[in-house]
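Read the structure below first, then the notes.
The values are calculated or read from the model by the stated rules, or taken from the named source; none is laboratory data. Here the structure is a predicted model, which is why all the values come from computation and not from measurement. Virtual Cβ from ideal backbone geometry, glycine too; neighbours counted across all protein chains shown. SASA here: full protein model, heavy atoms, side chains in, ligands and nucleic acids out. Shrake-Rupley method; radii C 1.70, N 1.55, O 1.52, S 1.80 Å.
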Amino acid sequence: MNDSFLVSIIIPVYNRESFLQETIESVINQTYKKWELILVDDGSSDSSISIANTAAQKDIRIVSVSRPNTKLGGGNSARNYGFQKSNGDLINWFDSDDLMHPEFIERKVEEFIDHQDLNVVFTKTIRTDFTEVNVPDERLKYSSTFLHDYVVRKISWYLPDAMFRRSFLEDKQLFDEDLLAGQDRDFYIRLFAREFPKFKILDFYATYYRIHQDSISEKIYREANIKMQVSHYNSLINQVEVLNECNLLGKNLKQHYLQELKKRLPAVIKSKASLSKYFKEVKKLSDLNKTTAETWLKLFVAYFSFQIFGKGERFLK
């Protein structure tokens, strides 16, 4: 295969000494050889940066950098900084604890070579613990209402599934560095709402998503961290704003976001975030119908229950 495109693989790294070497080796073992791997350390306190530096010394295609102290901490900032440092014609973000199939890059590049108008090529992911659990993720599929179905979670995918043509990403806001959670969906919804891409989905499982107790996403669900929940809430507000700005916020999506915001009331109250802003956002999504009236009733009952008893989640189901 003619290695006609330089592919940038961008990986944020934070305390991944147990997995990082295997992830790097899965990139080195790619059948497609014209790539650069940009490892962006996000302030690790373990030996991750040493592992990255050693890899960079052994292979000139690997670049090990640290997020500048002038930039906010977090994976989003590291992903954006990695993009700034990249030189590739094609861009693929990846995670520091996952593994690539040997043809992860090649199969995607083939499509960009064959179809010059493509902006994005998707592959698929298998969730695995490399012992007993192997779960192919089957949520990604074609749809005539692709963005709508992604918003309402009829379809979905993981961040590493997408390889982008660089020209599609340039001069666009990429990852929101203020978000702690919900950043992938925020990224895709903002990006695709403003310019819907020409894309192709390959029925090829190219990413091995490692299931383990130190996974950031596993921690979020396990700990139900209030800061993370508020970040999800802020992400929802961002999405509504962009979809409305792009005239894509129809009745169905309004109802979807209204129900999503309803679930976030406990986090807003517990975090002492602005309730007036919260109810203002809820009002923007409210149409005159029975479902909306029922939602408002549940919100008020839950709100007063929190004020009096300190709990009220059961009213929001």
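The table below gives the values:
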read-out: Computed [θ] at 222 nm, deg cm²/dmol, the chain (DSSP H ≥ 4; -39,500 (n - 2.57); rounded to nearest 500); value: -13500 deg cm²/dmol
read-out: Spacing of the two label points (7 Å from each Cα toward its C-beta) at Asn134 and Ala293, in nm; value: 5.5
read-out: Net charge dipole size for the range 1-76 [Lys, Arg +1 and Asp, Glu -1 on Cβ; Debye, nearest 20]; value: 220
read-out: With all protein chains modelled, accessible area of Phe279 [1.4 Å, Å²]; value: 40
read-out: Rough spin-label spacing in nm, given labels placed 7 Å along Cα→Cβ, for Asp149 and Leu6; value: 3.7
read-out: Relative contact order (percent, whole number), the range 9-112, Cα cutoff 8 Å, 6+ residue spacing; value: 43
read-out: Cα gyration tensor category, rounded, prolate or oblate, for the range 32-100 with a/c compared to 1.5; value: oblate
read-out: On Cα atoms only, tilt of 290-309 relative to the major axis of the chain in degrees; value: 90
read-out: Translational diffusion coefficient (Stokes-Einstein; Kirkwood radius from C-alpha pairs) of the range 263-317 at 4 °C, 1.567 mPa s, in µm²/s; value: 112
read-out: Compactness of the range 55-207 as Cα Rg over 2.2 N^0.38 Å, two decimals; value: 1.07
read-out: Exposure rank, largest accessible area first [Met228, Met100; 1.4 Å]; value: Met228, Met100
read-out: Separation of alpha-carbon centers, the range 274-317 and the range 1-38, rounded to whole Å; value: 46
read-out: Candidates Ala206, Ala293, Ala302: whichever shows maximal mean-square fluctuation once the chain is modelled as a Gaussian network with Cα springs under 10 Å; value: Ala293
read-out: Cα-based helix-to-principal-axis angle, 275-284 vs the chain, degrees rounded to 10; value: 90
read-out: Mean shadow area of the range 182-317, taken as a quarter of the surface of its Cα convex hull (nm²); value: 10.5
read-out: Probe 1.4 Å, all protein chains present, accessible-area order of Ser286, Ser274, Ser26, largest first; value: Ser274, Ser286, Ser26
read-out: Check: the chain dipole with +1 on Lys, Arg Cβ and -1 on Asp, Glu Cβ, in debye; value: 1760
read-out: Percent carbon-and-sulfur accessible area, the chain, ignoring ligands, DNA and RNA, probe 1.4 Å; value: 50
